[in-house]
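Here's the structure, in structure tokens; my notes come after.
No value in this document is a laboratory result; all are computed from the given coordinates. Remember, it's a predicted structure, so these values are computed and weren't measured experimentally. Here the Cβ positions follow ideal geometry from the backbone for every residue, glycine too, while neighbour counts run over all protein chains shown.
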Amino acid sequence: MNEELENIRLVPAPIELEFGEADLSPEEFEREYHSLSESDDDPIGQWLKLAKARGETSETDTVLLNLIVELHRKVDNLEALLKNEKPKRVPLPHKASIESIGYEHFKIKTPELKEQTLYYGRIAMPVHPKRDVPVYFKALSNQIAKIEKMHDRDIKEWNSYVAARERVLIREMKEKKK
């Protein structure tokens, strides 16, 4: 196990995490995991997917369409805020700050994990559009976790974010050498 921990490459990344042991509410966690998937997007996201599938967006500027959809989501969020509506999420008992990430792992700042325990969590991805990413992870130590289960779209977004953080780190190292 120690050898596995030594070979993990992580880069600094400020991300927030909420989590709980997966066996606390397995049915509720699984239900939320699937509800936060790409197949259960918001209504405008569903509409866009259907329109793309029917070929109705083939002659549309993709960037402009995505910006309009994001504006629509922002208006929906503002409306929900004004109505004091909050998204229904399963309550998770723990909050932690992720200090560094890798393609399959992450490390939290404080030692709160129980080794070899499976957890369910929501990661607040700092990308556009901001959203909660559901994830199942296993603790390899009291601070380091291995991602066990994540939706395909979220994996791509996570990997892109890791690569972006690596590029930032490389740029910072080059600037220090000058």
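So if each residue of separation counts as 0.36 nm, and I subtract the Cα-Cα distance between Glu16 and Lys74, what length gain in nm does that give?
18.7 nm
Please go through region 74-136 and write out the trypsin sites (Lys or Arg not before Pro) that DSSP classes as loop and that have at most 15 other C-beta atoms within 10 Å.
Listed in order of number, the matching sites are Lys83, Lys88, Arg89, Lys109, Lys114, Lys130.
For the chain, just say rounded, prolate or oblate: build the C-alpha gyration tensor, square-root its eigenvalues into a ≥ b ≥ c, call rounded for a/c under 1.5, and beyond that prolate if a/b exceeds b/c, oblate if not.
oblate
To the nearest 10 degrees, how steeply does helix 26-35 sit against the main Cα axis of the chain, on a 0 to 90 scale?
The angle comes out near 50 degrees.
For region 82-178, what relative contact order do you get, as a whole percent, if you take Cα pairs closer than 8 Å and at least 6 residues apart?
Over region 82-178, the number comes to 21 percent.
Label points 7 Å out from Cα along the Cβ direction at Lys156 and Glu27: separation in nm?
Simple spin-label model gives 3.4 nm for this pair.
Kindly provide the helix-only [θ] at 222 nm of the chain, computed as the sum of -39,500 (n - 2.57) over DSSP H runs of four or more divided by all residues, to the nearest 500 deg cm²/dmol?
When only DSSP H runs of four or more count, the value is -13500 deg cm²/dmol.
Using the basic label-point model (7 angstrom from Cα toward the beta carbon), what is the His34 to Ala163 distance in nanometres?
Roughly 3.1 nm, to one decimal.
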